[in-house]
Amino acid sequence: MKSVTIEKATVDEAVNAALSELAAEINEVEVDVIKEPSKGLLSFLGSKTAKVKVTVINGPEEKAKNFFDILLAKMNIEADLQIKFQNNSLKVDIVKIDENDKGIIIGKRGKNLDEIQFLLNLMVNKDRQNYVRVVFNVEDYREKREETLKRLAKKMADKCRNYKHKMKLEPMNPYERRVIHSTLQDEIDIVTYSEGDEPFRRVVIDLK
């Protein structure tokens, strides 16, 4: 658990400084007042500051670890996790896992991966004032999937040009659709748009 010890003029100031340094919120920490402030002679001579120790006990990293400890145990899956919380962004990576279990966690075209990320996002941000961006990945799957989508976008744009008609891609989640749109946004003769309703919404590639 992460903790810091801070000295300030008052307990509140010390606690607030600690929360800022830890990027935590008050309901996620335990506060230990080591020393209360006191006034010296004439209210300033020999005055003493407040000293507190603030420890994160239920922050995004702790919530994520608890979430995956329970999830993987119930799924009877063994895996190594890397959890990092920085700049209001929580990244959880499975870095070592059996290939069969890996397929179960990811699911078809990353469906299970996205659903787990959605649940983790809800859990981490519950009762939190400042929103935390959550990204869950398994052994660079998302990066590999993004490269596959970029190649697909280029390939289907070429087919659109060659056959002179629109190309409709398979249904994708919002993130994957954004990859397609972004990949082709600078093509001078190609336009992309989405059609249909979730979860069957898909990208259409057409000539301008």
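Observations on the structure shown:
- Tail fraction, Cα-Cα pairs, the range 80-208, threshold 25 Å, whole percent: 37 percent
- Residue-averaged [θ]222 nm for the chain, counting only DSSP H segments that reach four residues, each worth -39500 (n - 2.57): -13000 deg cm²/dmol
- Average Cα contact separation per residue, the chain, under 8 Å, 6 or more apart, as relative contact order %: 13 percent
- Electrostatic bookkeeping for ASP189 treats Lys and Arg as +1 and Asp and Glu as -1; over the other residues with beta carbon under 12 Å from its beta carbon, the sum is -1.
- Full extension of the chain between GLN82 and GLU195 gives 37.0 nm of extra length, using 0.36 nm per residue less the Cα-Cα distance.
- Here the range 58-82 is scanned for amide nitrogen atoms under 15 Å from the site 7 Å beyond the Cα of ARG128 along Cα-to-Cβ, giving 58-68.
- Stokes-Einstein D for the range 1-145, Kirkwood Rh over Cα pairs, 37 °C, 0.692 mPa s (µm²/s): 189 µm²/s
- The dipole here belongs to the chain: it is taken about the Cα centre, uses +1 on the Cβ of Lys and Arg and -1 on the Cβ of Asp and Glu, and is about 720 debye.
- By the count of other C-beta atoms within 10 Å, a proxy for reagent exposure, ILE34, ILE205, ILE77 are ordered fewest to most as ILE34, ILE77, ILE205.
- Selected from SER20, VAL203, ASN66, residue furthest toward positive end of dipole (the chain; charges at beta carbon): VAL203
- The alpha-carbon of LYS65 sits under 26 angstrom from the alpha-carbons of these lysines, leaving out residues fewer than 8 places away in its chain: LYS2, LYS53, LYS74, LYS84, LYS91, LYS96, LYS102, LYS108, LYS111, LYS126, LYS144.
- Sequence-distant residues sharing a close amide H with ILE57 (under 5 Å, placed H): VAL29, GLU30
No value in this document is a laboratory result; all are computed from the given coordinates. Owing to the predicted nature of the structure, the values given are computational and were not obtained by experimental measurement. Reconstructed Cβ throughout: ideal geometry from the backbone, glycine too, with neighbour counts over all protein chains shown.
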